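Let me begin by presenting the structure, written as structure tokens, before commenting on it.
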Amino acid sequence: MAPKITAEELKQEMLKKYPAKVARKREKQILANQHVGEFEGRPTVPAIAVNSRTIPGILSMRGCAYAGCKGVVLGPTRDIVHIVHGPIGCSYYAWLTRRNQTRPERLTDPNFMTYCFSTDMQEEDIIYGGEKKLRKAIEEAIAIFKPRALDIFSTCPVGLIGDDVHAVAREMEAKYPGVNIFAFSCEGYKGVSQSAGHHIANNKVFTDVVGLGDTRKPGKFRMNLLGEYNIGGDSFELERIFDKCGLTLQATFSGNSTYEEFASSHTVDLNLVMCHRSINYMAEMMEKKYGIPWFKVNFIGAAATAKSLRHIAAYYDDEELTARVEAVIAEEMPAVEAAQALHRPATEGKTAVLFLGGSRAHHYQELFKELGMETVSAGYEFAHRDDYEGRHVLPTIKVDADSRNIEELEVHPDPGLYREPLSPEAKTALKAKGILMNGYEGLMPDMAEGALIIDDLNHHEAEVLIDKLKPALFCAGIKEKYVIQKSGVPMKQLHNYDYSGPYAGFQGAVNFYREIDRMVNATPFTLTKAPWQESPELNAAYAWVG
Ligand code: CFM
């Protein structure tokens, strides 16, 4: 049954426990969704205050800039040696925990994914400097692994003591001219969340890798997929679909990717953007330098996958491609529809709440819609206003000191490689086909009015949500998982998929339906009782033994 409490009452319930100053800040970060106007045929929504510092002492779900740079954007690339300059914990706790899978073509192809490279900084290095140790680590890694490329990630202490990782990278590159060596100033504290790390990663990969290669994969329709990280095998499913459709995937940033694919990624005719938050910078910079157009896609949800494929076919405007895409959709959909028919009666009408990084709280609503489930509350850990409200609000976003901290690269057209971008008329024609070039419509316009939107959800607010909304399913990450389950609510990890997946594309949708049916209809946590709930007479009392 639908909860009786309104979004506004729920918000007040969350705020009432806070000291006045905290409540004043959170008040602007929690909103009852409303459609207040219209912009180009889509609802507009109220402005939400996001991408600002978490209040100290609050149990946030966020990660750090190092996580966004090393873990998220570069982590899934298999043949770059990723050296973490810092204490071992920063590396160890990021070691294979994100489930970004990879599949080298041949067994002999380099794959460093399972390794953990760290300079293991000690107190001594903090006091006397860590550059010497970093040089040694690079020499050792090159001697053993002979990589084409090697990158260095700065953790917090590196910035605090002033090690110059870029100077070390230059020096080492001079010593090993065959290896591309570059470094990231992605110290954990560099931004308010991992979002800063995405931007830092995009910048460096753009300046130091993209454009250096010329290994073009053959095909008539050549594209990159930006912002797909192959969690639980998602990229494998998308590669399967693209192959069937006759589309050439030159590079994915960065699921199942290689250095050479990044280096030659400027040779495509189209960029598809999946996760807007983590990679929009790359799409923008490639458009400015090479004239490569981009549009947003979503391959989470069978209907969304079909729609995105049709957009690609419509973009290329090729009869043969269009026919092939339609044939693939027709071939894939019966299995999806059969799975829907099987699971939907058991999931219909149930509710979900989604709190994830910067794009999945939106994308996954597609799959829940296909199960007849409603997303009653959602939000991001670190998204910006454009991800919530749509990119048309970009000119109104105030750049604060924390964001100014991250370099905004000045990019100019490449004199030899820049090709004429789409004309405004061509863009208008594409828009008529439903393709919004350089656009992203955002999470809130897509959600029902009255849904509660919460940025940077914390532990206290999650408890209120569970207590008052009693959702059938809570989707978040590992830090939240067990607390939520102990409250009797099934909890689905949508960062790492709970050791399952893929969930993207057509076969992924079938996997997801089965998993969600199982979870929302078997809730052991609501059936078991803790000993003190079953036998209240077991009350203990303090005793003083003198
Ligand atoms: Fe993009 Fe991601 Fe996400 Fe993200 Fe992430 Fe992730 Fe995520 Mo975890 S790149 S913003 S920094 S879709 S690791 S694959 S699941 S928080 S919603």
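The values are calculated or read from the model by the stated rules, or taken from the named source; none is laboratory data. Only a predicted model underlies this, so the values are computations on that prediction, with no experimental measurement involved. Neighbour counts run over all protein chains shown; Cβ positions are idealised from the backbone, glycine included. In case anyone asks, the SASA skips ligands and DNA or RNA and just uses the protein heavy atoms, side chains included. Shrake-Rupley method; radii C 1.70, N 1.55, O 1.52, S 1.80 Å.
The set of residues in the range 395-426 that are surrounded by fewer than 10 Cβ atoms within 10 Å (Cβ to Cβ) and over 16 Å from residue 384 (Cα atoms) comprises 410, 412, 415, 416, 420, 423, 424, 425. Annotation note: Cβ proximity below 6 Å between a residue of the range 278-292 that is more than 13 Å from the ligand (Cβ to nearest atom) and a residue that is at pLDDT 95 or above and part of a helix (DSSP H, G or I) (sequence gap 6+ or interchain) occurs for 285/206; 290/266; 292/286.
Across the range 470-480, the qualifying residues are those that are open to solvent by 20 Å² or more (accessible area, probe 1.4 Å) and away from the ligand (no atom under 16 Å from the Cβ), and the one among them that is farthest from residue 336 (Cα to Cα) is 470. If the requirement is being under 22 Å from the mean Cα position of the chain (by Cα) and outside the structural domain of residue 407 (by TED's automatic domain parsing), which of these qualifies: 184, 145? Checking each option against the conditions leaves just 184.
Does any residue of the range 78-96 turn out to be in a helix (DSSP H, G or I), among the small types (Gly, Ala, Ser), within 12 Å of the ligand (Cβ to nearest atom) and within 27 Å of residue 454 (Cβ to Cβ)?
Filtering the range 78-96 for residues in a helix (DSSP H, G or I) gives 88-92.
Keeping just the survivors that are among the small types (Gly, Ala, Ser) gives 89, 91.
Those still in the list that are within 12 Å of the ligand (Cβ to nearest atom) too: none.
Looking through the range 78-96, none of the residues is in a helix (DSSP H, G or I), among the small types (Gly, Ala, Ser), within 12 Å of the ligand (Cβ to nearest atom) and within 27 Å of residue 454 (Cβ to Cβ).
Listed by first and then second residue, the pairs with beta-carbon distance under 6 Å, at least 6 apart or on different chains, first residue in the range 224-243 and within 11 Å of the ligand (Cβ to nearest atom), second of a type in the set (Asp, Glu), are 235/228.
Within the range 282-333, the set of residues being closer than 21 Å to residue 228 by Cα and of a type in the set (Lys, Arg) comprises 296, 307, 310. In this structure, residue 316 does not qualify as within 14 Å of the ligand (Cβ to nearest atom) and modelled with pLDDT of 95 or more. The set of residues from the range 392-427 being free of Cβ contacts under 8 Å to residues at least 60 places away in the same chain and in contact with a strand residue (DSSP E or B) (Cβ under 9 Å, 6 or more places away or on another chain) comprises 426, 427.
Would it be correct to say that residue 125 is at pLDDT 95 or above and within 25 Å of residue 259 (Cα to Cα)? In short, no.
In the range 92-99 there is at least one residue matching the filter, namely being closer than 24 Å to residue 198 by Cβ, without any contact (Cβ under 8 Å) to a residue 60 or more places away in the chain and in contact with a strand residue (DSSP E or B) (Cβ under 8 Å, 6 or more places away or on another chain). Inspection of the range 124-134 identifies no residue that is within 23 Å of residue 278 (Cα to Cα), away from the ligand (no atom under 16 Å from the Cβ) and open to solvent by less than 30 Å² (accessible area, probe 1.4 Å). Being within 24 Å of the chain's Cα centre (by Cα) and touching a residue at least 60 places away in the same chain (Cβ under 8 Å) narrows it down to one residue among 473, 430; which is it? Answer to the selection: 473.
For the range 176-188, the set of residues classified as without any contact (Cβ under 8 Å) to a residue 40 or more places away in the chain, closer than 22 Å to residue 68 by Cα and in a loop (DSSP other than H, G, I, E, B) consists of 185 only.
The condition of being of a type in the set (Val, Ile, Thr) and either open to solvent by less than 10 Å² (accessible area, probe 1.4 Å) or out of contact with any Leu (no Cβ under 9 Å at 6 or more places or on another chain) (or both) holds for only one of 483, 464, that being 483.
Of the helices (runs of 4 or more DSSP H) lying entirely inside the range 121-175, those containing at least 3 residues that are over 27 Å from residue 111 (Cα atoms) span 123-128, 156-161.
Let's see how each residue does on (1) open to solvent by less than 80 Å² (accessible area, probe 1.4 Å); (2) of a type in the set (Lys, Arg); (3) under 14 Å from residue 389 (Cα atoms):
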{"position": "4", "(1), (2), (3)": "no, yes, no"}
{"position": "36", "(1), (2), (3)": "no, no, yes"}
{"position": "39", "(1), (2), (3)": "no, no, yes"}
{"position": "48", "(1), (2), (3)": "yes, no, yes"}
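If you filter the range 332-387 down to residues that are buried (at least 24 other Cβ atoms within 10 Å of the Cβ), within 18 Å of residue 473 (Cα to Cα) and of a type in the set (Gly, Ala, Ser), you find that the one that is nearest to the ligand (Cβ to nearest atom) is 357. Among the listed residues 501, 488, 505, 442, which satisfies the condition of being at pLDDT below 95, at positive phi and open to solvent by less than 40 Å² (accessible area, probe 1.4 Å)? Being at pLDDT below 95, at positive phi and open to solvent by less than 40 Å² (accessible area, probe 1.4 Å) holds for just one of 501, 488, 505, 442, which is 488.
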